[in-house]
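Okay, structure first, notes after.
The values are calculated or read from the model by the stated rules, or taken from the named source; none is laboratory data. What you see is a predicted model; the values in this text were computed from it and never measured. As a convention, Cβ positions derive from the backbone with ideal geometry for all residues, glycine included, and neighbour counts pool all protein chains shown.
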Amino acid sequence: MCRYLLLFLMLSFCASAQNPDSLEIHSRDSIRYTNLKARMSKTKFSRAVYRLLFRDVYNQGKVTEVKEIETNPFTPYEGMVIRKIYIRQLDMLGESVYDTTRKGNQLERFLSKSLHTNTREGIIRRSFLLFSEGDDIQAKVLKDTERLLRENRMFVDARIIVIPRKDVTWMADIIVLIQDSWSLNFSGGFSSFNKFRVGLENINVRGTTHSQRTAIRWDSKDSIRPFQFRAIYTVPYIGKTFITAQASFIRERELGEQSVRFFRRFITTETKYAGALELGHYKTRQYRREIETIDSLTLLETDYNYYDFWIGRAFKFPFPDSKLAQNSRIVTAFRHNKYDYDERPDVAPNLNKNYWNRTATLVSLGFSNRNYKRDVLIYGFGRTEDVPVGSLFALTIGRENTEFGARGYGGLQFATGKYLPHNLGYFYGLANLGTYSKNGKAQQGVINGEVTYISNLIPFRYSFFRQFVNVRFAKGIARDPLDYLNISGDRGIRGINNDRLIGTKKLTIGTETVFFSDKSLLGFRIAYFVFADLGLVNGVPHLWESPLYQGYGLGLRLRNENLTFNTLQLRFGYYVNIPELSSPTRFATSGNVPLRLRDFDISAPSIAPFQ
């Protein structure tokens, strides 16, 4: 037995067993695992270890199938009547919506059924399906339903299958395949009984799809707040309304929050109304530097109450014969909010405008064209990803009444995303322009833009890799001294958090090559990456006269899509020109939240972000 365990330790970073459908493609890999399987099939225990640890990782059959579904697969059934809807909930471990014949081993079935409560079928029917029995099949509605199911954290994947009736040719049954995610997440750390933290998150409380997150932290030596607490409760959809509700209660060292929020997005192009209502109380505590006196730190403490309300209406494209008619909408929206401060830094007519007491009213008119294509291995580790394809344009105007008088606002936003011809990859572009104005002068204005390129999956031996490129530019107009950009961390040069890389204008370029390995460890899929980040900030008088701040590195990511844990990331970085960095090298481990591509649904009228 020890021989088998040693063999596993040597090969656990090699590859996982291939799906039978892909044996011809990966014969060498299959031979290797056939030999391994033969060695580990001599006892019941070793066979169970093999079935638990080795399985298809980046399912070649699934990659091929997903890439082939460029058109709506439900179009042939358009107009047929839905006779019955069957909900089939797959085991959390071992099964797959793209291979319903695959079964988990005994241990996986035990873990799926004994330690997890599947989402209640009635809730799926009532709150997540856009169609009902007796409806005519609309291909777009079925495709949107698949996407909405996959959007939710409590589901790993979802697939809809249409089965025409043989006895009644104009009717069909629909099978909805759903695979839940692991619902419980634990976190914590313990130094002593005088300093510890513990957290629990349940993203599917008793199968209701409600999520609850609770965390506490105790540090007896913290003179500001020794006991810290956080509780957030979310109801994803209230009945069939697709309204999400969330309540938050947070009392932490740097943040205090009590808030309630109700919101409804334009979840599909058929959604006519969207909006939100949010009200609450915030208290924050943070240190900020002033750009002109960068060596000094200022403690900012704020305490304020607020409410924020908006409502939007989508109208069909006015030219029904146009190619844009099916997926395009004209959207109008109205927003009103109020911020009232009890504690804040000093304010004046030309100082700290972000902390003014104010009431704002904004209206917007926009055009949105949105569609989705299925893909895999972009930001996920094998789950189906719905890639937004389309464009949006929005014009926002408004008025803000403040304690120092009224001022106007105007802004423009444009975004587009598409797959490039000749299999060259995916392109996304975004541009924002917005500014307040008073007495003909701009205040707190911003010009920013972003370009993202993602290559197609490129085969490499037994798996694939992708190339990612991101370019971001931002420039502030008449900003306040405490209102600035930072190009460290996720905003530019990853792996560091430096409060000296600040300014009112910036340019960052980031590249990353990700190799999705065919290796897995205890069901956790592995991706290796190398990155390079370059950044310029606040060069005087020209941006390119700034020092070129640089970061280079490599690392790996581990993730099991059946679990809702953040992706585990190990990263080594080497940094050039970073001020006050004790060492040019950094090694770090972190838990990363999986990213998503930006959609093209227009939401609340908003102020162009300065970031």
Condition check for Glu257: surrounded by fewer than 17 Cβ atoms within 10 Å (Cβ to Cβ), touching a Ser or Thr at 6+ places or on another chain (Cβ under 6 Å) and not β-branched (Val, Ile, Thr) = yes
key: Options Ser603, Ser546: the member that is touching a Leu at 6+ places or on another chain (Cβ under 8 Å) and not basic (Lys, Arg)   = Ser546
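Per-residue answers, yes or no, for (1) in contact with a helix residue (DSSP H, G or I) (Cβ under 7 Å, 6 or more places away or on another chain); (2) free of Cβ contacts under 8 Å to residues at least 60 places away in the same chain; (3) in the same structural domain as Glu290 (by TED's automatic domain parsing):
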residue	(1), (2), (3)
Arg500	no, no, yes
Lys505	yes, yes, yes
Ile509	no, yes, yes
Thr513	no, yes, yes
Phe531	no, yes, yes
Any hit, segment 329-341, residues being among the small types (Gly, Ala, Ser), surrounded by 13 or more Cβ atoms within 10 Å (Cβ to Cβ) and either in contact (Cβ under 8 Å) with a residue 60 or more places away in the chain or under 24 Å from Ala247 (Cβ atoms) (or both) = yes
ask   = In this structure, does Val451 turn out to be surrounded by 19 or more Cβ atoms within 10 Å (Cβ to Cβ) and among the aliphatic types (A, V, I, L, M)?
value = no
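This table checks each residue for (1) under 25 Å from the mean Cα position of the chain (by Cα); (2) over 30 Å from Pro73 (Cβ atoms); (3) in a loop (DSSP other than H, G, I, E, B).
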residue: Asn305; (1), (2), (3): no, yes, no
residue: Asp308; (1), (2), (3): yes, yes, no
residue: Ile311; (1), (2), (3): yes, yes, no
residue: Ala325; (1), (2), (3): no, no, yes
residue: Thr359; (1), (2), (3): no, yes, no
residue: Val363; (1), (2), (3): no, yes, no
residue: Thr396; (1), (2), (3): no, yes, no
residue: Tyr419; (1), (2), (3): yes, no, no
task = Pick out the one residue from Arg206, Arg217, Arg251, Arg213 that is of a type in the set (Lys, Arg), within 20 Å of Trp182 (Cα to Cα) and more than 24 Å from the chain's Cα centre (by Cα).
result = Arg206
ask   = Looking only at strands (runs of 3 or more DSSP E) that fall completely inside segment 137-235, which ones have 3 or more residues that are without any contact (Cβ under 8 Å) to a residue 60 or more places away in the chain and under 25 Å from Tyr372 (Cα atoms)?
value = 155-164
ask   = Residue check: is Pro318 assigned to a loop (DSSP other than H, G, I, E, B) and crowded, with 16+ Cβ neighbours inside 10 Å?
value = no
task = For residues that are surrounded by 18 or more Cβ atoms within 10 Å (Cβ to Cβ), assigned to a loop (DSSP other than H, G, I, E, B) and of a type outside the set (D, E, K, R), scanning just segment 568-599, find the one that is modelled with the lowest pLDDT.
result = Leu597
task = Might you check whether a residue that is in a loop (DSSP other than H, G, I, E, B) and either within 16 Å of Val576 (Cα to Cα) or at pLDDT 95 or above (or both) occurs anywhere in segment 514-532?
result = no
task = Go through (1) crowded, with 20+ Cβ neighbours inside 10 Å; (2) within 25 Å of Val451 (Cβ to Cβ); (3) over 22 Å from the mean Cα position of the chain (by Cα) and name the single condition Asp518 misses.
result = (2)
key: Residues of segment 138-159 classified as in contact with a Leu (Cβ under 7 Å, 6 or more places away or on another chain) and either β-branched (Val, Ile, Thr) or farther than 17 Å from Glu561 by Cα (or both), total   = 3
Evaluation of Glu403 against (1) surrounded by fewer than 16 Cβ atoms within 10 Å (Cβ to Cβ); (2) under 30 Å from Asn560 (Cα atoms); (3) of a type in the set (D, E, K, R) (one fails), failing number = (2)
note = When segment 464-482 is checked residue by residue, the ones that are assigned to a loop (DSSP other than H, G, I, E, B) and buried (at least 18 other Cβ atoms within 10 Å of the Cβ) are Arg479, Asp480
inquiry  = Quick check on my filter: what residues within segment 546-561 are farther than 19 Å from Gly510 by Cα and surrounded by fewer than 21 Cβ atoms within 10 Å (Cβ to Cβ)?
reply    = Leu558, Glu561
key: Lone unmet requirement of (1) crowded, with 17+ Cβ neighbours inside 10 Å; (2) touching an Asp or Glu at 6+ places or on another chain (Cβ under 6 Å) for Glu278   = (1)
inquiry  = On the basis of being assigned by TED's automatic domain parsing to the domain that holds Phe393, without any contact (Cβ under 8 Å) to a residue 24 or more places away in the chain and either not in a strand (DSSP E or B) or not polar (S, T, N, Q) (or both), does Lys283 make the cut?
reply    = no
